[in-house]
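Inspection log for the structure reproduced underneath, given as structure tokens.
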Amino acid sequence: TIGGCLTGLGINHMDIGEVVGVVKAYTTRVGEGPFLTECVNNESSPFYDKPADGDKAEYHDKLGQHLEKVGHEIGTSTGRTRRCGWLDLVVVKYTARINGYTSLNLTKLDVLTNIPGGVLKVAVAYKHQGKVLSSFPSSLAQLAECEVVYEEFPAWTQDISGCKTFDALPKSAQDYVSMIEKVTGTKVSWIGVGPERDSTITK
């Protein structure tokens, strides 16, 4: 957090001009704990990957497997697969509020190209006991009991790795980025469209 930077580095908050939040175009995490938008491979999932007889079931459904494989979501030091799921803007909005982001660097937008099903889901709110929460849950216990409120957006199939400007992106990709700005109240200033050093759009 920005608070950790101030106390850890021993600097004055007045010395900080810009605070940039780095956010993937989908959500990942490691370790245990609630992950409300996680793409777990169970029979209720529309992307359920039924194992062949005698085979071990995949942890992620077909959507999660796409994020995992195309996004190379393997821990650098542990070698373990990261948990993958839909973009959770409730989390992003909360971190933006406590850190005071002046802009966002949105990475791995290209991973969402050719997403299974052709529709992108984004978590825009949580419900707890039927009521929409106005902020992030105050405890892990409450978080685990929440339901996700999703909004859906059309995906795209065009290769965006060669795009150099925001206007060069497919309209559905532009709309996805604009939606992130609207929900979080924070401008997206950079967009990652590939793994190369120059695969970044300045918006």
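The values are calculated or read from the model by the stated rules, or taken from the named source; none is laboratory data. From a predicted model like this one, the values you see are computed outputs, not experimental measurements. When we count neighbours, we look across all protein chains shown, and the Cβ atoms used for this are built from the backbone with ideal geometry, even at glycine. Just the protein is used for accessible areas: all its heavy atoms, side chains included, with ligands, DNA and RNA removed. Shrake-Rupley method; radii C 1.70, N 1.55, O 1.52, S 1.80 Å.
Descriptive notes on the structure:
- Looking at segment 59-175, the helices (runs of 4 or more DSSP H) lying wholly inside it that each contain 2 or more residues that are without any contact (Cβ under 8 Å) to a residue 40 or more places away in the chain and surrounded by 13 or more Cβ atoms within 10 Å (Cβ to Cβ) sit at 62-70.
- Entry remark, segment 18-31: residues being assigned to a loop (DSSP other than H, G, I, E, B) and open to solvent by 70 Å² or more (accessible area, probe 1.4 Å) number 2 in total.
- The set of residues in segment 144-197 being of a type in the set (A, V, I, L, M), farther than 21 Å from Gly118 by Cα and more than 18 Å from the chain's Cα centre (by Cα) consists of Ala144 alone.
- Residues that are under 22 Å from Tyr176 (Cα atoms) and in contact (Cβ under 8 Å) with a residue 60 or more places away in the chain, drawn from segment 20-45: Val20, Gly21, Val22, Val23, Lys24, Ala25, Tyr26, Thr27, Leu36, Thr37
- Residue in segment 32-39 that is within 28 Å of Ala125 (Cα to Cα), β-branched (Val, Ile, Thr) and surrounded by 13 or more Cβ atoms within 10 Å (Cβ to Cβ) present: yes
- The single condition among (1) in a strand (DSSP E or B); (2) open to solvent by 10 Å² or more (accessible area, probe 1.4 Å); (3) at pLDDT 95 or above that Glu181 does not meet is (1).
- Qualifying positions in segment 180-203 - closer than 21 Å to Val70 by Cβ and not β-branched (Val, Ile, Thr): Trp190, Gly192, Gly194, Pro195, Glu196, Arg197, Asp198, Ser199
- Phe47 passes every criterion in (1) open to solvent by 60 Å² or more (accessible area, probe 1.4 Å); (2) part of a loop (DSSP other than H, G, I, E, B); (3) among the hydrophobic types (A, V, I, L, M, F, W, C) apart from (1).
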